[in-house]
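Everything on this sheet refers to the single structure shown next.
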Amino acid sequence: MKNFRLIFPFIIVCLSAIVWSCSDDDSVSERTDDFDRQAMLINWADDIIIPSYQAFSSDVDALKAAVDAFESQPNETNLNSVRQEWEQAYIAWQNISMFNIGPAETTFMRSFLNTYPANVSEIDTNISTGNYALQSVNANNEQGLPALDYLLFGLAESDAQILEFYTSNVNSSNYVNYLTDLVDRINTITDQVVASWEGDYRDTFVNNSGAASNSSTNKLLNNWMFYYEVTLRNGKVGIPSGVYSEGSRLPQNVEAFYKKDLSRTLCLEALNAFQDFFNGAHFDGTTNGESLSSYLNFLNTMKNGEDLSLMINNQFEVSRIAISNLDANFINQINTNNNLMLVAFEELQANVVLLKSDMFSALSIDLEFESGDGD
């Protein structure tokens, strides 16, 4: 797992500009924009996005090798190897899920790899009949990492009973085939996306460095912000804790429902990756480059007399503390003290205004989506 490094200060490059301000309590001041967006795009592509995809691809390759070994010998040792590689891949996934543009968007990568909760009844039907089409857009909740979660941890209470599905069950060969097909599908989509980024798409992305609505910066930031609100804040915390169901708790909707002690780890990894991207932290953790944070500092962006970049980073840290205070098993947390889940949601929500309103305004990024919850 990538080490998290919190990066606050950046060198502020001062240019002669006209400074404007508002008179209300939420005033944001900024300078005219002569920031090198292409340098930021290069840092994003070469030092964050592509290495993150490559790391995930390596983990998927390891998962596929473990599944191949399990297919040959479905025993407890090989089952545990598959589980370990699945967990590592799921953690690595949190570093790339936010980049839903270009090849990831055209392949529906996020939809196919991490739509949860998994549709258990459809998965069971697929296995019993041996008849399924994973390429169908309607099959997104029958595959991917959540479906593997069910097949590796959710078929029965004990490991011995789970192994029986792959060894002595009347449909044991179908269970093995379905497990293998799911991993092959993840591997195929991942290889396609990585090859595209390593090929022509990298240059297309970097060279589209203007400020128009279809520029790489604008498109990526809209997808990035949508990810924060809908996938991270809502999907991992808000929906399971009942924020959007009139207080009715939905613990069955947590990420990694069957590997019950993984939900907090995935949430923290996603938050760390999201903040690392904001700060331009290289995937290898060695340094940082041009970023949203340095862009805001370049513009000397202030909110109520405070540095906006610092405010955003501080709120990330508050959110991290709130999530760290949760049970490793979000199901337990929701069932025993859901108020702490709601606190974590509110801390994540507090950064929405700073990012979606203040930062987007300062960087002259047009917001092209609405989350539908009044933010």
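The values are calculated or read from the model by the stated rules, or taken from the named source; none is laboratory data. Because the structure is predicted, anything quoted here is derived from the model rather than measured. Using ideal geometry, Cβ is built from the backbone for each residue, glycine included, and neighbour counts are taken over all protein chains shown.
Quick look at the values:
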{"quantity": "Matching option when the condition is among the aliphatic types (A, V, I, L, M), at pLDDT 95 or above and more than 21 Å from the chain's Cα centre (by Cα), among V206, V243, V183", "calculated": "V206"}
{"quantity": "Residue count for region 194-225, restricted to those that are more than 17 Å from F35 (Cβ to Cβ), in the same structural domain as N272 (by TED's automatic domain parsing) and β-branched (V, I, T)", "calculated": "0"}
{"quantity": "Region 281-293: number of residues that are surrounded by 17 or more Cβ atoms within 10 Å (Cβ to Cβ) and not small (G, A, S)", "calculated": "5"}
{"quantity": "So L296, is it crowded, with 19+ Cβ neighbours inside 10 Å and assigned to a loop (DSSP other than H, G, I, E, B)", "calculated": "no"}
{"quantity": "Selection within region 99-119 - part of a helix (DSSP H, G or I) and surrounded by fewer than 18 Cβ atoms within 10 Å (Cβ to Cβ)", "calculated": "E105, T106, S111"}
{"quantity": "Subset of region 214-268 (residues that are in a helix (DSSP H, G or I) and charged (D, E, K, R))", "calculated": "K219, E229, R233, K236, R264"}
{"quantity": "Criterion (crowded, with 20+ Cβ neighbours inside 10 Å, touching an Asp or Glu at 6+ places or on another chain (Cβ under 9 Å) and farther than 27 Å from N329 by Cα) met by exactly one of L262, L308, L266", "calculated": "L308"}
{"quantity": "Filter pass, A66 being under 16 Å from L151 (Cα atoms), out of contact with any Gly (no Cβ under 8 Å at 6 or more places or on another chain), among the small types (G, A, S) and part of a helix (DSSP H, G or I)", "calculated": "yes"}
{"quantity": "Hits in region 326-366 (condition: of a type in the set (G, A, S), farther than 15 Å from N234 by Cα and assigned to a helix (DSSP H, G or I))", "calculated": "S357, S361, A362"}
{"quantity": "Boolean, N138 is part of a helix (DSSP H, G or I) and of a type outside the set (D, E, K, R)", "calculated": "yes"}
{"quantity": "Check on I96, modelled with pLDDT of 95 or more, part of a helix (DSSP H, G or I) and not assigned by TED's automatic domain parsing to the domain that holds Y258", "calculated": "no"}
